[in-house]
1. On the basis of being at pLDDT 95 or above, open to solvent by 70 Å² or more (accessible area, probe 1.4 Å), under 23 Å from the mean Cα position of the chain (by Cα) and of a type outside the set (D, E, K, R), does Phe105 make the cut?
2. Kindly establish whether Ser120 is polar (S, T, N, Q), in a strand (DSSP E or B) and over 15 Å from the mean Cα position of the chain (by Cα).
3. Please go through the range 55-84 and pick out each residue that is in contact with a strand residue (DSSP E or B) (Cβ under 8 Å, 6 or more places away or on another chain) and of a type in the set (D, E, K, R).
4. Can you tell me which residue is nearest to the chain's Cα centre (by Cα) among those in the range 1-19 that are among the charged types (D, E, K, R) and farther than 18 Å from Trp131 by Cα?
5. Out of everything in the range 22-62 that is among the small types (Gly, Ala, Ser) and farther than 10 Å from Ile8 by Cβ, what residue ends up being modelled with the lowest pLDDT?
6. Just give me the residues in the range 169-187 being outside any loop (DSSP other than H, G, I, E, B) and closer than 21 Å to Glu140 by Cβ, in sequence order.
7. On the given criteria, is Leu6 without any contact (Cβ under 8 Å) to a residue 40 or more places away in the chain and not in a loop (DSSP other than H, G, I, E, B)?
8. Select from the range 137-160 the residues that are small (Gly, Ala, Ser) and part of a loop (DSSP other than H, G, I, E, B) and write down the one among them that is surrounded by the most Cβ atoms within 10 Å (Cβ to Cβ).
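The values are calculated or read from the model by the stated rules, or taken from the named source; none is laboratory data. All values derive from a computational prediction rather than experimental measurement. In this analysis, Cβ positions are derived from the backbone assuming ideal geometry, glycine residues included, and neighbour counts consider all displayed protein chains. Areas reflect the complete protein model, heavy atoms only, side chains present, ligands, DNA and RNA absent. Shrake-Rupley method; radii C 1.70, N 1.55, O 1.52, S 1.80 Å.
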Amino acid sequence: MSRIKLTIAYDGNSFQGWQSQRGGNTIQDYIQTALLKVSGDDLRITGSGRTDTRVHALGQVAHFDALEASSMNANEWKRALNVNLLPTIRIVRASMVEDDFHARFGAKAKTYRYEIDVGSVLNPLRVSRAWHHPEKIDPEILRRACSIYIGEHDFASFAANRKDGKQINTVRTINSVDVAETPHGLSITFSGNGFLYKMVRLLVGAAVRVAEQREELSWLEAMLKSPGTSKCQYCAPGEGLYLVEVVY
């Protein structure tokens with residue numbers, strides 16, 4: 001077999017996230033259907049991790065194994081898959097990789113970006129692309145709040161309960177959090193070794209709560225010092241979140 005690495009961009013607004021589900025309306029399901037159309041074989045694709053409903057991607061990574069009988073190179077796979085995918089899902093890069101490459105287990109770091117639009121009226125072209133939040137957010141307080149997340153912490157207070165009920169290690173390392181002012185509002189970029197279920201959205205929701213001066217910085221610090229004792233209740237909506245890059 002030949003292992004092929006795909007870098008994928010998608011508009012998450014119309015889908016039930018990445019992970020395959022019974023209803024079939026997921027990114028993984030559509031790509032696997034395209035693989036079947038192209039190859040005639042039931043090829044399985046493995047992603048770097050899940051993205052939730054309405055969450056977008058600029059650099060999701062996945063791999064699949066093409067059968068030895070296939071004479072197609074990576075660029076031919078890219079073109080053929082895009083012909084058979086919805087225009088809101090695009091294979092932006094494809095490459096042949098070693099057989100031991102694994103999109104999920106080989107990932108060393110991920111970068112997510114969260115977009116907040118603070119305008120009093122949301123531009124129609126920004127609908128489902130950002131969190132429309134016209135209330136006052138202090139950028140400097142937001143930066144101070146986000147800086148608390150940097151480093152290795154137990155983020156149990158910022159992880160939603162998993163639907164499968166599995167218990168997992170909630171310790172993660174966030175390498176950087178950058179808050180930038182944009183023409184539309186604010187952009188928050190997180191880079192770290194991994195993120196828990198809904199973790200970025202909960203981190204954003206909590207930091208915005210502080211930047212609105214509805215909570216103190218000490219409230220954030222307490223949730224990190226006593227992980228899981230209380231859960232963050234403020235989850236930013238999915239449409240503002242983008243998976244930007246997966247590092248191997």
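1. Values: at pLDDT 95 or above: yes; open to solvent by 70 Å² or more (accessible area, probe 1.4 Å): yes; under 23 Å from the mean Cα position of the chain (by Cα): yes; of a type outside the set (D, E, K, R): yes.
Yes; evaluated as a whole, the condition is true for this residue.
2. So Ser120 fails the test.
3. Result: Asp65, Glu68, Lys78.
4. The initial filter retains those residues of the range 1-19 that are among the charged types (D, E, K, R), namely 3, 5, 11.
Now restrict to residues that are farther than 18 Å from Trp131 by Cα: 3, 5.
Values: Arg3: 23, Lys5: 18 Å.
Going through the qualifying residues, I end up with Lys5.
5. In the first step, residues of the range 22-62 are kept if they are among the small types (Gly, Ala, Ser); the result is 23-24, 34, 39-40, 47-49, 57, 59, 62.
Subsequent filtering for residues that are farther than 10 Å from Ile8 by Cβ retains 23-24, 34, 39-40, 49.
Working: Gly23: 83, Gly24: 87, Ala34: 97, Ser39: 93, Gly40: 92, Gly49: 95.
Looking at the filtered set, the residue picked out is Gly23.
6. Step one: of the range 169-187, the residues outside any loop (DSSP other than H, G, I, E, B) are 171-181, 185-187.
Within the range 169-187, Ile174, Ser176, Val177, Asp178, Val179, Ala180, Glu181, Gly185, Leu186, Ser187 qualify.
7. Working: without any contact (Cβ under 8 Å) to a residue 40 or more places away in the chain: no; not in a loop (DSSP other than H, G, I, E, B): yes.
No, not satisfied.
8. Restricting attention to the range 137-160, the residues satisfying the condition of being small (Gly, Ala, Ser) are 145, 147, 151, 156-157, 159-160.
Filter once more, so that each one left must be part of a loop (DSSP other than H, G, I, E, B): 159-160.
On the way: Ala159: 21, Ala160: 15.
By that ranking, first place goes to Ala159.
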